[in-house]
Amino acid sequence: MITLINKILVCIRPKLMNIKISPLIFTFILLLSMVTLAAEVDKPVVKNLTLDKKNKTIFYELTEPATVRIRVGSKSGPLYRTLVNWQKQKKGRHNIKWDGLDSSGNFNILDNKDFTFSFNYYLPYKDEPIIREYLESDLIILDNFIGRALKLVHLSQIHKNHKQQHCGDLNVLFELPNNIEKSKQGLAKIKGICPIVIKLSEKDKSWFRQERFGINIFIDDIFVKGEALGYTPYTWNFDSKGINKGKHLITVNLKGFNDHIAVGSLPIYVE
C-alpha cells in the first residue's frame, strides 16, 4: 500500500506543481498518507504465536513473507538449540515440530520449568531489512536468555551486510582425551579434572573469529564459567568436584558480537 501511494505521488507530483490545490485538500492528502503509513508499520507480521508442549510444536502465522529464526533455551541463560536458522518462509500458517531435546539429543529441555524461546524475523525489503524480536507472547518473557536479541541493537544494520553463508547460528564441537572411558549409554565418564577442548569447524572459525565472541559455559542450566572475549580452540579444565554422581549436561554458547551464536551440548557421566 505504501509503495503504491509513493508511486502515485511520484507520477502526479509534476502535475501538482502546476495545479493550484487548496490547503484543505493538500492537508487531507498528507494526513491520508500518514495514516496509511502508520497502519502499515503497526501491522503485526506474526500472529497467533503459541506453544503446544504436549505435541512439541510451535504454531504461528505470518501476514507476509519473512525470514525467520527461532531459538529455544532457558530463562536462566543457556541457548540449547536453534530450531529455525534464518529460514525464508511464506505468508500463512506455520508449525515447527521438534523432539523437545537439546542439540546433543540427550536431554529433554521442553520439560525445563524455565524453558523459553525467542522468535526473530526480518522482511525481504531491498532497501532496509527489518529485524526485531517478537515480544507479544508471555512465552518469551526472557531474563538472562543468551538466545535473546537485544531490543536496543539495530539488527537490521548488523545483518544487512552479511554474506548469506555467514549469517546464522553455528555448532560448537568438543574434544575429550582419547583414553577417556565411556558409560553404557556412551557418555564420557569423568572423575576429577578433565580437559575439554571447545572449538568450531574449520569452515566456521575464520569468519566467526572476525566477528568476535564471548564464551559462556553451563552445567545443567547453571552458569559456571565465562570469558568476555573468547577464542577457539579453548581448553576448559572441567572439575567434577562437588557435582553429584550421574548424568549431567555441559552446554556452551559462543555469543558473537553481531547477533550470531555457536551452541553445543555435551552429555557426561560424573563418577
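A few remarks follow.
- In terms of surrounding Cβ atoms within a 10 Å radius of their Cβ, 259, 220 rank from fewest to most as 220, 259.
- Listed cross-link partners 191/225; 113/255; 53/90; 56/247; 43/113 are compared with a 30 Å cut-off, the Cα-Cα value being larger for 43/113.
- Formal net charge of residues neighbouring residue 70 (Cβ-Cβ distance under 11 Å; K, R +1; D, E -1): +2
- Net charge contributed by nearby residues that have their C-beta within less than 10 Å of residue 147 (K/R +1, D/E -1): +4
- Cβ-based exposure ranking for 197, 263, in which fewest neighbours within 10 Å come first: 197, 263
- For the range 37-98, the set of chymotrypsin sites (Phe, Trp or Tyr not before Pro) satisfying both a DSSP loop assignment and a count of at most 15 other C-beta atoms within 10 Å is given as 98.
- Distance histogram for the range 170-270 (every C-alpha pair counted, 5 angstrom bins, percent rounded to whole numbers): 3, 12, 25, 24, 17, 11, 6, 2, 0
Values quoted throughout were computed directly from the atomic coordinates according to the rules given, and no laboratory measurement underlies them. What you see is a predicted model, and the numbers here were worked out from it, not measured in a lab. A quick note on method: Cβ atoms are made from the backbone with ideal geometry, for glycine too, and the neighbour counts reach across all protein chains shown.
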